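Contents: one structure, followed by commentary.
The values are calculated or read from the model by the stated rules, or taken from the named source; none is laboratory data. Since the model is a prediction, treat every value here as computed from it, not as a measurement. Please note: Cβ atoms are built from the backbone with ideal geometry, for glycine as well, and neighbour counts cover all protein chains shown.
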């Protein structure tokens, strides 16, 4: 495959990521994509856990169960934001030979999971 066979930066989405820097080793780009997909799977799991918790009831105190479900669902909705921002910032860093950034939303998402766990625990104890 020659350079002429490769798509231009304007043909790749998002163009602002691909328009600058040099093309990194494909292994790093593919690892970055796998990380993006792992965040997406995490989002699906958080949303599914929130829905299941509320749908199944499980004999928990209803107000705490609902609160835990909402925390999980909100965290699941926020996780794709981390996936996208993380992918974009990592790809830019790879293209410019810079250190990879830390996940910006990992702490808030971790806190949300802890809060949901505490709410479920309280829901069990107070049921």
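Would you confirm, using the coordinates I've provided, whether residue 51 is surrounded by fewer than 20 Cβ atoms within 10 Å (Cβ to Cβ), more than 16 Å from residue 106 (Cβ to Cβ), modelled with pLDDT of 95 or more and in contact with a helix residue (DSSP H, G or I) (Cβ under 9 Å, 6 or more places away or on another chain)? So residue 51 fits the description; yes.
Which of the numbered conditions does residue 103 fail, given that it passes all the others? Conditions: (1) surrounded by 13 or more Cβ atoms within 10 Å (Cβ to Cβ); (2) assigned to a helix (DSSP H, G or I). Result: residue 103 fails condition (2) only. It is to be established whether one or more residues within the range 87-99 are on the phi < 0 side of the Ramachandran plot, touching a helix residue (DSSP H, G or I) at 6+ places or on another chain (Cβ under 7 Å), assigned to a loop (DSSP other than H, G, I, E, B) and free of Cβ contacts under 8 Å to residues at least 24 places away in the same chain. Taking every residue of the range 87-99 in turn, at least one turns out to be on the phi < 0 side of the Ramachandran plot, touching a helix residue (DSSP H, G or I) at 6+ places or on another chain (Cβ under 7 Å), assigned to a loop (DSSP other than H, G, I, E, B) and free of Cβ contacts under 8 Å to residues at least 24 places away in the same chain. Taking residue 37 as the residue in question, decide whether it is modelled with pLDDT of 95 or more, exposed (fewer than 15 other Cβ atoms within 10 Å of the Cβ) and not in a loop (DSSP other than H, G, I, E, B). Criteria met by residue 37. Selection over the range 50-61 of residues that are in a helix (DSSP H, G or I) and in contact (Cβ under 8 Å) with a residue 24 or more places away in the chain gives a count of 2. Among the residues of the range 10-28, those that are surrounded by 16 or more Cβ atoms within 10 Å (Cβ to Cβ) and in a helix (DSSP H, G or I) comprise 17, 18. Going through the range 74-86 one residue at a time, which ones are free of Cβ contacts under 8 Å to residues at least 40 places away in the same chain and either surrounded by fewer than 20 Cβ atoms within 10 Å (Cβ to Cβ) or out of contact with any helix residue (DSSP H, G or I) (no Cβ under 8 Å at 6 or more places or on another chain) (or both)? Scanning the range 74-86 gives 74, 77, 78, 81, 85.
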